[in-house]
Amino acid sequence: MSCTHFMHGQVLRIGCGSGFWGDSAAGPRQLVHAGVDVLALDYLSEITMSLLARARRKRPELGYTPDFVGAVMTPLAAEISRRRIKVIANAGGVNPEGCRDALRAALDRQGIRLSIAVVSGDDVSSELDSLRSAGRIDLETQSPLPPAVISANAYLGAFPIAAALRNGADVVITGRCVDSALVLGPLIAAFDWRASDLDRLAMGSLAGHIVECGVQATGGIFTDWRDVVSGWDNMGFPIVECHRDGSFVVTKPEGTGGCVSLATVAEQITYEVHDPARYVLPDVTCDFSEVRLEQVGADRVFVTGARGLPAPVDYKASLTYHDGYRCMATMLIAGSEAVDKAKCVGEAIFARTRRMLSEAGFADYARTSIEVLGSESLYGAQSRALQSREVILKIATMHAEEKALLLFAREIYPAATSMAQGITGFAGGRPEVQPVVRLASCLISKLRVQTQVDVDGLREAFHSAETFESGRTHERARSSSFETIEGPCTEVPLIQLAHGRSGDKGDRVNIGVIARRPEYLPAIAAALTPAAVREYLIHLVHGDVERFDWPGIHAFNFVLQGALDGGGTASLRYDPQGKTYAQILMDMPVAVPVTWIAKFEVTE
């Protein structure tokens, strides 16, 4: 049965009003007032799942993201009902039924009746012993699965969401699912797409991938930030206007800040992608390598060209587990030789506390980290700020025992009177000791995941959509050949030739580099070899670097292994998610013909 009753015309308008738990409550309100057909809300990350799991252990009724109920649905429910907007949210976390119950109570207090569906079954904790016995290993480290976990959740797909909508749901609450499913599910329901419609599923997944991080698609964290800075206080949240054939337009509400351009959309397309020709999702394996973008109006970009390959037979499961504790402290240090003073302070604090730990019978720290913020420590040998007279010292450490780090936290303040002059910045109190949550991932057969769709108390088992063979096989995005740069050359920073966007997956970072003009690709290709990029970032990257061609958007995608010191809360770095990496790479020098200085307005 088609669900076209929630479409206004032949185009389905889906807006994403949240890119993470903690995003602005202005987003959903903005999109509801703009008149979208579907409001998608993405709240979950791997670390969020572990936080919610710990919350539920303390109080069984918790484990979902309360912002969804209190900050979004409670104030907007009446208008959502009046406009007949469908709401799809992964706000259920590890307790989607609890989220439903809280929402139902909030709606009842207002006398509003909305049909609420819950998609559950992503919790695969009960399958872990079987997975271990079957020899399943961590996909990233190739190590055995952890013996005890905080959370274990399979990334479900879009078809259960579509089933809930077909059964009349107004609000669909999920636990863990792939972020793009929040958009693909309504498209499957509205347009009656089947599991065999691989190209359409790939296009719907691309639409979800572009908007899943909220305003990142509309000028948020954009390389050319001065083009959008005037609108930062009122950034427009993204809308995709989707057609039955899978093509769509990316846009935003009128009168809002930011911009939707070829560059802003291309940057977001590269975000957190590995091989652009093989982006694996539960419902389809996507080939984004030949995606095409066309500016069709102010803040309107038309997207085509994603292709679909058969879906995998397994779900990916994300496991989080406890691995000791960490503590991080910061302090400001000013004056001449501030950088050297900061390093000496950090080393002295660790030497002092190591001695005290030994005297108290504790083992040594598992790991330590010293970063001098303001000295361009993230730039390594390329730093231009080693003579800075004002820096922030960040010191961080990990230990198996919480009490050991409580001792460390107590010994930060004495530096204010016993070490370098010019230390300050302790008004925030002693640093907190936090649990370290690490991430592991594995594959689990879809047949072992018992997905349920419950609409207003009517529960049905959902069986994974059949996997269809398309006759296509995966091929790595073609390796392009470029003309050799000839004649006299000069060097310019990469940012003059390209946009960049970086993102994390565990301990891995990807950096998308999108040429400002196709003509720039030969120079970028010659300068940014995998070996050259690794050497430029050698102080941050401890694994291999791969380069993938992305011909459709005139780009390269670099994947950096072992680049985040473990990533997430397992990292001691001030940037544990690689958010700065693209900006660092944008300063890399690239040799270009001197003739480009006049021809393309490149400046030396």
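Bear in mind that the values in this text are calculations on the coordinates, not laboratory data. Remember, it's a predicted structure, so these values are computed and weren't measured experimentally. Virtual Cβ from ideal backbone geometry, glycine too; neighbours counted across all protein chains shown.
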*Put a dot 7 Å past each Cα toward the Cβ at Gln10 and Asp108; how far apart are the dots in nm?*
4.5
*Can you give me the relative contact order of the chain as a percent, contacts being Cα pairs under 8 Å and 6 or more apart?*
14
*asked:* Please compute the contact order of segment 146-195 in relative form: average sequence separation of alpha-carbon pairs under 8 Å and at least six residues apart, divided by the residue count, as a percent.
replied: 43
*asked:* Between segment 96-164 and segment 408-435, what is the separation of their alpha carbon centroids in Å?
replied: 41
*Anisotropy class of the chain from Cα gyration tensor, a/c 1.5 cut*: oblate
*In whole Å, how far is the Cα centre of segment 201-242 from that of segment 475-518?*
21
*Which of rounded, prolate, oblate describes segment 257-304, given a ≥ b ≥ c as roots of the alpha-carbon gyration tensor eigenvalues and a/c under 1.5 marking rounded, otherwise prolate only if a/b is larger than b/c?*
prolate
_16 Å cut-off, amide nitrogen to a point 7 angstrom out along Arg244 Cα→Cβ, residues in segment 183-207_ = 187-194, 197, 200-201
_Over the chain, how many pairs of lysines fall under 14 Å by alpha carbon, counting only those 8 or more apart in sequence or from different chains?_
5
*If you rank Trp193, Trp225 by fewest surrounding Cβ atoms within 10 Å, what's the result?*
Trp225, Trp193
*How far is it, in nm, from the label point at Arg226 to the one at Thr580 when both lie 7 Å from their Cα along the line to the Cβ?*
2.3
_7 Å from Cα along Cα→Cβ at both Ala366 and Arg352: what's the point-to-point distance in nm?_
2.5
*asked:* Counting other beta carbons within 10 Å of each residue's own, what order do Ile485, Ile150 fall into, fewest first?
replied: Ile485, Ile150
*asked:* Counting other beta carbons within 10 Å of each residue's own, what order do Leu386, Leu52 fall into, fewest first?
replied: Leu386, Leu52
*Helix-derived mean residue ellipticity, 222 nm - over the chain, DSSP H n ≥ 4, -39500 (n - 2.57), to 500*: -7500 deg cm²/dmol
